[in-house]
Every structure is written in C-alpha cells, then in structure tokens.
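Submitted below is the structure of interest, expressed as structure tokens.
The values are calculated or read from the model by the stated rules, or taken from the named source; none is laboratory data. These numbers were taken from a predicted model, which means no experiment stands behind them. Note that we place each Cβ from the backbone using ideal geometry, even for glycine, and neighbour counts take in every protein chain shown. Ligands, DNA and RNA are excluded from the accessible area calculation, which covers all protein heavy atoms including side chains. Shrake-Rupley method; radii C 1.70, N 1.55, O 1.52, S 1.80 Å.
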Amino acid sequence: MQAVGFWMSKRSQMHPERIALTVPGGGGYVHVTYAQLNRRVNRLARALRSAGLSRGDRVAILSLNCPEFVELLFAAAKAGLIVVPLNVRLAVPEWRYQLADSGARLLLVGPEFAAHGPVLQQETTVERVIVLPAPGETGEYGAWLAAHSDDEPVLPAGEPPVTLDERFIICYTSGTTGKPKGAVLTQGNQFANALNSCMTLDISGRDTTITLLPMFHVGGIGLFTLPTLYAGGRVVLPRRFDPGEALRLIETERVTIVFGVPTIHRALLQHPDFDKTDFRSVRYFYSGGAPCPVDLIRAFHSRGLAFGQGYGLTETSPTHFLLVPEDFERKAGSIGRPALHAEARIVDANGQDLPPGQVGEVVVRGPNVFKEYWGKPQETAAAFRDGWFRTGDLGWADEEGCVTLVGRLKEMIISGGENIYPVEVEQVLESHPDIVEAAVVGLPDPHWGETPHAAIVLRPGANLDSAALSAWCRQRLAGYKVPKSFTVVEALPRNAAGKVEKPKLVTMLSEQLGAEQRPSA
C-alpha cells in the first residue's frame, strides 16, 4: 500500500475533485483533478501491458515537462515497469547509448522530438515509439489510451504484487568523467524521498508546487513533484523554464513552494518582473543541485522572502539534507541536517568520523539511497563503504549538526600542501558586485604543485581589473586561496544537466593562459 501507484489510486478516492495538476492547454493553463489523472494513469498502465511489456521492462521518455510524464510515472508504478527519463539536451548518440544500456523496449517522445523516434528505434532495443501530443491535443497517444479501460489495472494471475522493492526509475548520472551510469531508484526510494520532503518541510495538501526543473532530472521528479502529489497537493507544470512565465504563474496560481537550482533562482531574481510579482502566497523558495551562493540567498531574504537550501544526488532520490525554515536565515549557506529518514557522517580518508568544523567526505545512508547502478555491480560495490554511500562531496558540520559543502573530493586543489576548496573561493567571487558567476579550478604549478585559477562571468557593463579583484579577494581569503588568474568568459561550460564542467574548464584555461604566456610572432 506504500508503493507509488497506490498513492494515485488512494488520492483519487479521497479527493477526486481536488486539482492535481495545472498544465498548458487550451491556449493557457488547465486543471486536472486527481480522479481525471488516475483514470488516465489506469488507461496507460493497461496500454503498456497490452503492448507486450512484462514486469521489470523499461519504458523510456524523451520529452519536455508534460502531464504525460506524470502519467507514465504512476502507470509504470502500477504495472511494475521501469521508467528511463532521457535528457532532452543530449545528442542522438547519447540517447542511443542510454536506450541500449537500459534495454528500453518502448519509447515515448514529445512532439519536439518526434523526428528522432525512427532513428532511435532502428539503432537500439526500442520496439515501438509513441509520439506524445502537443498541449491541448490528443494525437496518437490519446487514441492509444482511449482503447483501454480506465478501471484499476490488475496484474496477471500468479504475478506478485508491486512492493517498495520494485525497481522504478533509471536516472542516468551526468557522466562528467566518462559514460553516464544508470542509477536505479526503487519505489521505496521515492516513497522515502516523499516522506523526507513532506515531513521535514511540512509539505501538505494545501501546497501548490511549481516544477521548474526538467523532469528528466531526478530533481524534477522528486523536488517536489511526486512529494506534492503524495501529500495531495497541486503541481503547476510548465513545459520548460522561462523566468517571466514562472513569475507570472507563481502569482496567478498562488504557488506556495518554488524549487530550483541556483541558476534558476538567479534568473528569477534578475528578471525585470521580479520586484513587481506578488509573492504573498509563497511559503518559501528552495534551492538544490549545487551549492547556493550566500549572496543569492541574502538577496531573497532582503526582500522578505524565505529561502532555504538542501542537498542530494541522483543516487539519493534526491533529497537527503534539508535546511528547515526555522534556520533559513540563521544558517544561510548551510544545507542543513539529514532529513527525517536519512543519516549522514563526515569522514576522513580512512572512513573515520571527523569532529565538528573539520572538512571531510560526506557519506550517507537511508531508505532513499539508490539500489544499484544498472548492469554495473563493480561500480555499485565501489560506491559504498561499510553500507554508507560515498557521495564524493566535501563538507563540514557545525556543533548543531548543520553541514556546509565546500566542493567535490576530486576537485579539491592542493597547493603547497594546503587544501583549497573551490566552492569557498567561488562564493567569495560571486559576492563581488561585478561578478555574476565564477568557477575555480586547479592548474599545475612548478613550485606549489597546483594553484587556483578562476573563470568569471561579469555583469553587463563591468570591466575586469585583475589587480583590484585580487586585492579584494585577499581581504576575504587566505593568500594561498586567491586565484592566480581571472579569465572573463561569456558563460561557464556546463553539461546537459546544467552542472559546470570542471575538466573542460581546466583545458580551456590551460590553453588560454598558455597562449598568453607565449611570445607573439
């Protein structure tokens, strides 16, 4: 009864006329009740099984955010199938790899990607492609559902019921250091994620969440789309993030919870309509996906807007740490404590616990932590130590147990024997009035081993004065932490998941600095 599909069945009985989704359609936005949504979920679950899919088979989806994405999640949960969300920002060879690696048999594609369907079907294990409709239309997908009953689906005779142990979603990691790995999340992982979110942040049926992250990302699914529907609340689901539209929807739909990564929150803040938007319905803005610059947090606080942040990974479904509203201002910059059903430790290289204030690797465990990497038992085993998942992230805990992240273990810079954590330097740079974004990497140095160097994005109209910026940093950082060079870039290189690609940045800065040091012809 805790399995994900049961949530929708139960909500449709308890609150049939309550609005579950607000989605594009009819030239604007339309409402979908829990009863309506559950009937479509039932039709889809029956359609998937009638298409020849068996327990544990994989169904991939390549689409912008849409109600059909939500329908697929719940239908797959009821039918005991596995959903494989594909990142819409990837290229055909990358989609092909993930389809082949997961062994997906059915592919649902949004109308924007319909042309790719035949190619992907020919090159992979996909046996059938179904094109999803544009907003307000029915199309092939609608006709497919209409051919099936909207009664609750029944599993074939002799097939065991769906439980929390059922594999549910395969989310592919960013793959910044090689081929992406498919993190297998169970229905129990998503149940724990919903409990952690709702119980720690007081999400209830009175809340309206707006999903600004793409649903191919585990954050788009788990922060806070599924938790809000578990709680019986409403989800506003624009197809893609547009800051102006998001601000309008927050006001007109009386959104209460706004989740985003730091780049989304900064885009909202910098939009000309931000200071004109009525935010009286919003209980809090929330950030995750990357350490949030304190200056960005303070900018919301200064306008009287509650703003907190948490932390998680694809492998943690994703919620693991959450800063509770009571600590939003007092602990600004911290990711908070482990959520209600989650544990964490800060450990040294030998796996031993470190005291408060000392930086170490964050290791975690709990019912939200993933089951395995799909088809990669060795990588799965290597990701754990004594039952604790090794996040690869570095952080320190204060005396109250609130954790602050300082960077990735693999990105730590060791200069003359001193540890430099890029996030600390980046947050100082991003607090400068002329800097929008910054990323810091280590480059080889013949004397110190390596030294920090920064790539920065300036605000429009600003100019770089390296000497002045270096002096400004020295007032806020130890000398060895101050970047040895500042390179202005139009934008930081990011992967398809929106994360800064540090390896690419190392290459880019090495080439540019090397060219500057070479004599001209």
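Can you tell me the dipole magnitude for the stretch 1-121 around its Cα centre, using point charges on the Cβ only (Lys, Arg +1; Asp, Glu -1), in Debye to the nearest 20?
Using Cβ point charges on Lys, Arg, Asp and Glu, the stretch 1-121 gives about 460 debye.
Just the Cα atoms of the stretch 4-93: what Rg and Dmax do they give in Å?
14.1, 45
According to the Cα gyration tensor, what semi-axes, each the square root of 5 times an eigenvalue, does the equivalent ellipsoid of the stretch 354-476 have, listed from largest to smallest in whole Å?
33, 17, 16
Please go through the stretch 336-426 and write out the GluC sites (Glu not before Pro) that DSSP classes as loop and that have at most 16 other C-beta atoms within 10 Å.
Counting only loop positions with at most 16 other Cβ atoms within 10 Å, the GluC sites (Glu not before Pro) in the stretch 336-426 are GLU399, GLU400.
Within the accessible area of the stretch 185-326, what % is carbon and sulfur when the probe is 1.4 Å and the other protein chains stay in place?
52 percent
Still on this structure, I have one more. With bins 20 Å wide starting at 0, give me the P(r) of the chain over every alpha carbon pair, in whole percents.
Computed distribution, short to long bins: 22, 55, 22, 2.
Next question, about the same structure. Are there chymotrypsin sites (Phe, Trp or Tyr not before Pro) in the stretch 74-150 that DSSP puts in a loop and that have at most 15 other Cβ atoms within 10 Å, and which ones?
none
While we're on this one: Let me know the charge dipole size of the chain about its Cα centre in debye, to the nearest 20, where only the beta-carbon of Lys, Arg (+1) and Asp, Glu (-1) is charged.
Charge dipole, the chain, about its Cα centre: 780 debye, nearest 20.
Report, in listed order, any pair from LYS78/LYS502; LYS78/LYS331; LYS371/LYS499; LYS78/LYS504 with a Cα-Cα distance greater than 32 Å.
Over 32 Å apart, Cα to Cα: LYS78/LYS502; LYS78/LYS331; LYS78/LYS504.
Mind checking the dipole of the stretch 307-354: about its Cα centre, +1 per Lys or Arg Cβ, -1 per Asp or Glu Cβ, Debye to the nearest 20?
In debye, rounded to 20, the stretch 307-354 gives about 80.
Among DSSP bridges having both ends in the chain, what percentage is antiparallel? Round to the nearest 5.
The antiparallel fraction comes to roughly 60 percent.
Here's something else I'd like to know. Cα gyration tensor of the stretch 49-190, axes a ≥ b ≥ c as square roots of the eigenvalues: rounded (a/c below 1.5), prolate (a/b > b/c) or oblate?
Oblate.
Still on this structure, I have one more. Calculated from DSSP H runs of 4 or more alone, at -39500 (n - 2.57) each and per residue, what is the 222 nm mean residue ellipticity of the chain, nearest 500?
-9000 deg cm²/dmol
Where the convex hull is taken over the Cα atoms of the stretch 59-98, what is its projected area averaged over directions, in nm²?
Taking a quarter of the hull surface, the average projection is 2.8 nm².
Now for a separate question. So in the stretch 251-371, what percent of DSSP beta bridges are antiparallel if you round to the nearest 5?
Here the share of antiparallel DSSP bridges comes out near 60 percent.
Which of ALA146, GLY205, VAL359 sits farthest toward the positive end of the charge dipole of the chain, with +1 on the Cβ of Lys and Arg and -1 on the Cβ of Asp and Glu?
After comparing all options, I get ALA146.
Additional query: How much accessible area per residue does the chain have, counting only protein heavy atoms and a probe of 1.4 Å, in square angstrom?
41 Å²
What percentage of the solvent-accessible surface of the stretch 1-145, computed with a 1.4 Å probe over protein heavy atoms, is contributed by carbon and sulfur atoms?
51 percent
With both partners inside the stretch 395-521, how many of the DSSP beta bridges are antiparallel, as a percent to the nearest 5?
Taking every DSSP beta bridge within the stretch 395-521, about 85 percent pair in antiparallel fashion.
With only alpha-carbon pairs counted, each pair once and no self-pairs, how large is the Kirkwood hydrodynamic radius of the stretch 292-393 in angstroms?
15.0 Å
Measure off, as a whole percent, the carbon and sulfur share of the 1.4 Å-probe accessible area of the stretch 331-484, all protein chains present.
It is 50 percent, rounded to a whole number.
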